[in-house]
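We did not get these values from a lab; they are worked out from the coordinates using the rules stated. In this text the structure is predicted, and so the values were computed from the model without any measurement. Because the Cβ atoms are built from the backbone with ideal geometry, glycine has one as well, and the counts that use them run over all protein chains shown.
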Amino acid sequence: MTDAIERVEIAVIGAGLGGAAAAALLAGAGFSVHTFEQAPVFTRLGAGIHIGPNVMKIFRRIGIEKTLESIGSHPDFWFSRDGNTGDYLSRIPLGDYGRREYGASYITIHRGDMHAVQIDALPQDRVHFGHRLTAIEERESDVLLTFENGRKIAAGLVVGADGINSMIREMLLGPEKPRFSGWVGHRALVNMDKLRASGLQFEACVKWWWEASRHIMAYATKGDGSEYYYVTGVPVDGWEHETSFVDSSREEMEAIFGGSHPVVQALIDATETVTKWPFWNRDPLNLWSRGRLVMLGDACHPMRPHMAQGACMAIEDAAVLTRCLEETGTSGYREAFALYEATRRDRATKVQTISNANTWLKEPEDPAWVYAYDPLTAQLG
Ligand code: FAD
């Protein structure tokens, strides 16, 4: 690595789900963009994720909608069911209904599969893994970024897509750890042979609910039905671990959810490897940008995942930010960032609030305001 300073028009920090979307959209709009990611190489991380029609429209623009549709599962409904009796609390139509009414598919998919497709869609010489940002210096006509590996980049604009512990957020608002939400999620890809051996039906997308909003969200992550996943939401007293997750066990699942509906019991019985993740939170931020720095996604509105829209909001942010910069050009960045925040703040905060409350689709409701929204055509400002 060299000490010489290289120049880029736009630097995106973080090649997660939001950063990869921003890089693709900004490049597609003709900007010169480089993305810097701390992970040494791409890894197929995580497990399941829902992607709503609001974001599949953006993936259409990026050119990866068909590929993701061919990999992911297409649930016809989001079901909510009582975890003990199995009674249906809501049946929210998706599938063909969603394509017709909301303008694109609703898919559930392995997050790593989706992320790989997003990364592959980027010009590979402009995605720089092994680049952990360690210092930011705001200067008169650019921002000097220093990476752990010694590389120095002078960027005209910097997009902080660096997640909940964002350095860009810290630069703008000072150091502050996210708050533990009081909830954890257990995540497991279940053993399909055991699941099939139960002889029961496993719906493509179902949320099981118990008292105090405890739940299990279970769904297929592949269109061919070869992978089934669940994530729980469970209130706990605290989180004392230093790591981002810890191992859990079938016994722990049994202790929390045992004795429930037979389909839930079959899920527990088919659990081999399960991990436990803390859910972190922040209150809505009062600043999304300053000067040449701007944030998107979990960097500025992290939320508990119960609405399955956190990454969707990050990707919507990316689409709107791109449109705002297209309106003004990079030289009009102040105006663009103000327009971006004005367009995004209310929607992101509303989703953050409902997600944290964990009420989404528990009872019959019309989700059109989330799914029918088109970030590529919605009015700016
Ligand atoms: P991230 O995806 O966290 O990406 C940030 C990136 O920045 C990372 O790659 C990180 O390595 C990199 N980075 C950080 N610091 C630096 C640095 N200093 N230098 C360089 N790189 C850096 N959302 C949905 O839409 N649908 C769902 O179904 C859904 N399910 C979820 C289930 C669970 C259990 C959880 C925990 C979350 C879920 N979410 C879901 C939310 C979603 O995962 C997040 O909202 C989303 O990942 C945020 O994207 P992001 O790009 O802002 O941040």
At most 11 other Cβ within 10 Å, DSSP loop - GluC sites (Glu not before Pro), segment 61-149: E140
Summed side-chain charge close to S198 - residues other than S198 whose Cβ falls under 15 Å, Lys, Arg +1, Asp, Glu -1: -1
Order of F147, F257, F245 under a 10 Å beta carbon neighbour criterion, fewest first: F245, F147, F257
Residue-averaged 222 nm ellipticity for the chain, from DSSP H runs of 4+ at -39500 (n - 2.57), nearest 500: -9500 deg cm²/dmol
Calculated FRET efficiency for the pair L287/N149, C-beta based, R₀ 30 Å, to 0.05: 0.55
Length gained when the stretch L89-E176 is fully extended (0.36 nm per residue, less Cα-Cα span): 27.4 nm
Cβ-defined net charge surrounding G86, 14 Å radius [Lys, Arg +1; Asp, Glu -1]: 0
Added length on full extension, which subtracts the Cα-Cα distance from 0.36 nm per residue, R196 to W369: 58.6 nm
Karplus-derived HN-Hα couplings along segment 66-80 (A = 6.51, B = -1.76, C = 1.60, θ = phi - 60°), whole Hz, x at Gly and Pro: 5, 4, 5, 4, 6, 8, x, 8, 10, x, 7, 9, 9, 9, 10
Lys/Arg +1, Asp/Glu -1 at C-beta; segment 312-357 dipole; positive extreme among L325, M313, V351: V351
Likely footprinting exposure, K207, K362, fewest C-beta neighbours within 10 Å first: K362, K207
Span from the segment 273-330 Cα centroid across to the segment 152-170 one, whole angstrom: 12 Å
Around V159: net Lys/Arg minus Asp/Glu count, Cβ-Cβ under 12 Å: -2
Within straight-line cross-link reach of K57, aspartates and glutamates at Cα separation under 16 Å, skipping those fewer than 8 residues along the same chain: E65, E69, D96, E101, E316, D317, D374
Relative packing of 224-231, 44-51, which averages over residues the other C-beta atoms within 10 Å, highest first: 44-51, 224-231
Candidate lysines for bridging to K152, where Cα separation is under 16 Å - those fewer than 8 sequence places away on the same chain excluded: none
Three semi-axes of the equivalent ellipsoid, segment 202-281, Cα gyration tensor, whole Å, largest first: 22, 15, 13
Sequence-distant residues sharing a close amide H with H128 (under 5 Å, placed H): T35, F36, E37
Protection proxy ranking of 118-126, 291-299 - average other beta-carbon atoms within 10 Å, highest first: 291-299, 118-126
Exposure proxy order (Cβ contacts within 10 Å, fewest to most) of F59, F180: F180, F59
Listed residues T330, T221, T43, most fluctuating in the chain (Gaussian network, C-alpha, under 10 Å): T43
